[in-house]
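What follows is a set of notes on a single structure, which appears directly below.
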Amino acid sequence: GGRYLQHILSKEAFETQNKYSDYDQEQRLSKKLLKNPHIKHYERHTNLKEINSLFKQGYTLMAVVNPNVFRRSKKYGSHMVVITGITSKMITFHDPGVPPRKNVRALQTTFIRAMQPYPSLIAVKTI
């Protein structure tokens, strides 16, 4: 909720998030989403092998990343992206941020580093 975001975000980012968020609704919707049998939620250290395997099985993968890692900044932020492609060296993803960006590419090692220290991967597949 709000206290967690206040702890991890800058004052300006928190004030903006707080102004436009309904934390109670977000928590209710998150709980409902996670109870859905068609959704696998991984809140543990994952690895490239597992990410690649789920992607090859047809899962849509959403990863929580620190977008500042891609900018080579030491700041912390939390943001969700959708993985759209995986090669032997790169991960391609859509970033729904402001502004939204399609087909962003990052080295696999950089992407995994951006998932730290709280790796979270949501895998969704229609059954």
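The table for this structure:
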item: Reach of LYS19 by Cα under 19 Å, taken over lysines that are not fewer than 8 positions away in the same chain; result: LYS11
item: Å² of accessible area per residue within the chain, as computed with a 1.4 Å probe and no ligands counted; result: 71 Å²
item: For the stretch 7-127, size of Cβ-based charge dipole, Lys and Arg +1, Asp and Glu -1, in debye; result: 400 debye
item: Packing rank of 60-68, 99-107, where each peptide gets the mean count of other beta carbons within 10 Å, highest leading; result: 60-68, 99-107
item: Net charge contributed by nearby residues that have their C-beta within less than 11 Å of PHE70 (K/R +1, D/E -1); result: +4
item: Share of carbon and sulfur in the accessible heavy-atom surface of the stretch 10-72 [1.4 Å probe, %]; result: 49 percent
item: Reachable lysines from LYS35, criterion Cα separation under 20 angstrom, eight or more residues apart if same chain; result: LYS125
item: Unit charges at the beta carbon, dipole of the chain: most positive-side option, LEU61, PRO96, SER30; result: LEU61
item: Sum of -39500 (n - 2.57) over DSSP H runs of 4+, divided by residues of the chain (222 nm, nearest 500); result: -11000 deg cm²/dmol
item: Radius ratio Rg over Rh of the chain, counting only Cα atoms, Kirkwood formula for Rh; result: 0.96
item: Where labels lie 7 Å past Cα in the beta-carbon direction, separation of VAL98 and GLN6 in nm; result: 2.2 nm
item: Sites SER53 and SER21 - FRET efficiency at Förster radius 41 Å, r taken between beta-carbons, to 0.05; result: 0.75
item: Percent RCO, i.e. relative contact order, over the chain, from Cα pairs under 8 Å lying at least 6 residues apart; result: 29 percent
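The values are calculated or read from the model by the stated rules, or taken from the named source; none is laboratory data. Treat the numbers as computed from the prediction; the structure is a model and nothing was measured. Methodologically, a virtual Cβ is constructed for each residue, glycine included, from the backbone with ideal geometry; neighbour enumeration extends over all protein chains shown. Note: areas computed on protein heavy atoms with side chains; ligands, DNA, RNA excluded. Shrake-Rupley method; radii C 1.70, N 1.55, O 1.52, S 1.80 Å.
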